[in-house]
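The values are calculated or read from the model by the stated rules, or taken from the named source; none is laboratory data. Everything numeric here is computed off the predicted structure, so don't read it as measured data. Glycine gets a Cβ as well: all are built from the backbone with ideal geometry, and neighbour counts include every protein chain shown. Remember, those area values only see protein heavy atoms, side chains included, never the ligands or the DNA or RNA. Shrake-Rupley method; radii C 1.70, N 1.55, O 1.52, S 1.80 Å.
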Amino acid sequence: MAFQLRTYHEPDFSADPLRNAPDAVLCEAPADRVAPENYHAMSIFPEYFKLDGRWVLAEESRMDCVPVWEGECIHVREFRHLKKGDLIVTGRTEDGSEGIYVHANGFRETTGAGDVFAFRQGRSRETAFSRDYDELYELLKHERDHGRIVWVMGPAFAFDYDARVAFSKLIENGYVHAVLAGNALGTHDLEAAYLQTALGQDIYTQESRHNGHYNHLDTLNRVRLYGSIPAFIEGEHIDNGIIYNCEKYHIPYVLGGSIRDDGPLPCVYGDVYEAQDRMRDQVRGATTVLSMATMLHSIAVGNMTPSFRVMPDGTVRQVYFYCVDVAEFTVNKLSDRGSLSAKGIVTNVQDFIVTLCKGLGL
């Protein structure tokens, strides 16, 4: 049976209280990067604003940003992108009484009736995730052809031979449309392709090589000598790995820098706000996000990913967000964003990606 997306149900604007709601109040930004008093901050849910007598959906939303009215549509911007004179929606009620309506149940998510008290209602290392895997296989098959799948990755994948092979197969078979990560993933994946180690350990046997602690630095130094990752791949005849396959299949990847970075690689964004903008460029079109083994990147991408997406034909569809980590804290941190937007799987991500690859028949 083909995967079926939930149907989105718009609010009934012909019924009270929305029918007689006033227009939202607009106030000018008093200075660059500054919102007016009583500004409205966005959530992860679809939000409508009544302006010039009509309800307008903010299509490209982001949590904790502000809605800016530009005469025809609402643009949702980070505070740092505000300009003096921008018309900002103000008001902090969400029921339509101030011309602002947050539509939290547009996909009519249902939950089974149950006892008030019951064991194992959370998602932990004791949870059975077999059903989640089955749903994920069908979702990814659908998204490969009809959506955009964005992966948020920590460096753990680069430490294991089988995990690198599995993710490379996902790229090759169309299940990866963008990768968001840090310098570490790129560095250790290229180290694995170049020297068959990650942080000096053999990626297959996990045995430490003599002077292996130099390997990631030697890799970084070599890439920087070439001036770019593509030049390094060509010059050193690299033929495997995550970054190699991203380059081969023209998959965009964004590597955001960190204070602790070595090197870094030439393409790493050292300016955190530029990295955030480039990450959001990829998230804007995402319909499924899988965030794995990276707490800080998971939280960052989770904060910029709404629970819905407006498709080119104007339909509104759900965005699926999975957080996979061996640490329950990371998974639950993302799940706190809301049941529609984040689902956690507590497991070793190297095992997860191999299982996922096999479940997709690759």
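Surface exposure of the chain, expressed per residue as accessible area with a 1.4 Å probe, stands at 48 Å². The charge dipole of segment 212-362, taken about its Cα centre with unit charges on the Cβ atoms of Lys, Arg (+1), Asp and Glu (-1) only, comes to about 500 debye.
Sorting the segments 259-267, 301-309 by their mean number of nearby beta carbons within 10 angstrom, highest to lowest, gives 301-309, 259-267. Look at the alpha carbon pairs under 8 Å that are at least 6 residues apart: their mean separation over the length of the chain gives a relative contact order of 18 percent.
Largest to smallest in accessible area, the residues Lys358, Lys333 fall in the order Lys358, Lys333 (1.4 Å probe, all protein chains included).
Sorted on the mean count of surrounding Cβ atoms within 10 Å across their residues, most packed first, peptides 35-46, 206-217 read 35-46, 206-217.
Taking a ≥ b ≥ c as the square roots of the eigenvalues of the Cα gyration tensor of the chain, is the shape rounded (a/c under 1.5), prolate (a/b larger than b/c) or oblate? All intermediate terms of the calculation are to be shown ahead of the outcome.
On the way: a/c = 2.33, a/b = 1.57, b/c = 1.48.
Because a/c hits 1.5 or more and a/b exceeds b/c, the chain counts as prolate.
When the charge dipole of the chain is built from unit charges on Cβ atoms (+1 for Lys and Arg, -1 for Asp and Glu) and taken about the Cα centre, the candidate among Gly263, Cys246, Val349 whose Cα reaches farthest toward its positive end is Val349. Computed with a 1.4 Å probe on the full set of protein chains, the accessible area for Ser61 sits at about 10 Å². In this structure, the residue pairs whose Cα-Cα separation is over 27 Å, taken from Lys50/Lys333; Lys248/Lys333; Lys50/Lys141; Lys248/Lys358, are Lys50/Lys333; Lys248/Lys333; Lys50/Lys141.
With all pairs of separate Cα atoms included, segment 226-276 yields a Kirkwood hydrodynamic radius of 12.0 Å. If you count only protein heavy atoms and use a 1.4 Å probe, how large is the accessible surface of Tyr48, to the nearest 10 Å²? Estimated to the nearest 10 Å², Tyr48 gives 10 Å². What do you get for trypsin sites (Lys or Arg not before Pro) in segment 37-108 restricted to DSSP loop and a cutoff of at most 11 other Cβ within 10 Å of the site's Cβ? Filter output for segment 37-108: Lys84, Arg92, Arg108.
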